[in-house]
Amino acid sequence: MFKKNESFFDQVQKSAKVRPDELLKLANSVSQANLKDEATLRGLIGRVAALANKPVTKEKEDQIVQAILSNNMPADLSSLTKMFNNNK
């Protein structure tokens, strides 16, 4: 998935047009967030969507929130990607 000679941050910056400092700020806020609080989750989803400049439908937001609150998040990247790409 990632090229060996490029850093993770370089690849994220190229593919998602997200600066490493913004990604680190987001990671820091997630690490301190109460992920069992629906309002907090919806705020984080909105921040990620804005940062990536990708719209998230209300239906997709609801699906993500429900998956996190029920501890039903996919364990691997392939399944997570399918979850986000399903029902576009």
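See the values below:
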quantity: Positions within region 42-56 being among the β-branched types (Val, Ile, Thr) and touching a residue at least 12 places away in the same chain (Cβ under 8 Å), in sequence order; calculated: Ile45, Val48
quantity: Hits in region 22-50 (condition: among the charged types (D, E, K, R) and open to solvent by less than 70 Å² (accessible area, probe 1.4 Å)); calculated: Glu22, Asp37, Arg42
quantity: Test result for Asn53, surrounded by fewer than 14 Cβ atoms within 10 Å (Cβ to Cβ), modelled with pLDDT of 80 or more, at positive phi and not charged (D, E, K, R); calculated: yes
quantity: Looking only at region 64-76, and only at residues there that are modelled with pLDDT of 85 or more and closer than 24 Å to Val18 by Cα, the one that is surrounded by the most Cβ atoms within 10 Å (Cβ to Cβ); calculated: Ile64
quantity: Which listed residue, of Ser7, Ser79, is modelled with pLDDT under 80, under 14 Å from the mean Cα position of the chain (by Cα) and open to solvent by less than 60 Å² (accessible area, probe 1.4 Å); calculated: Ser79
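The values are calculated or read from the model by the stated rules, or taken from the named source; none is laboratory data. Small disclaimer: the values here were computed from a predicted structure and weren't measured. For neighbour counting, all protein chains shown are included, and Cβ atoms are generated from backbone atoms with ideal geometry for every residue, glycine included. The accessibility values were calculated without ligands, DNA or RNA, using every heavy atom of the protein model including side chains. Shrake-Rupley method; radii C 1.70, N 1.55, O 1.52, S 1.80 Å.
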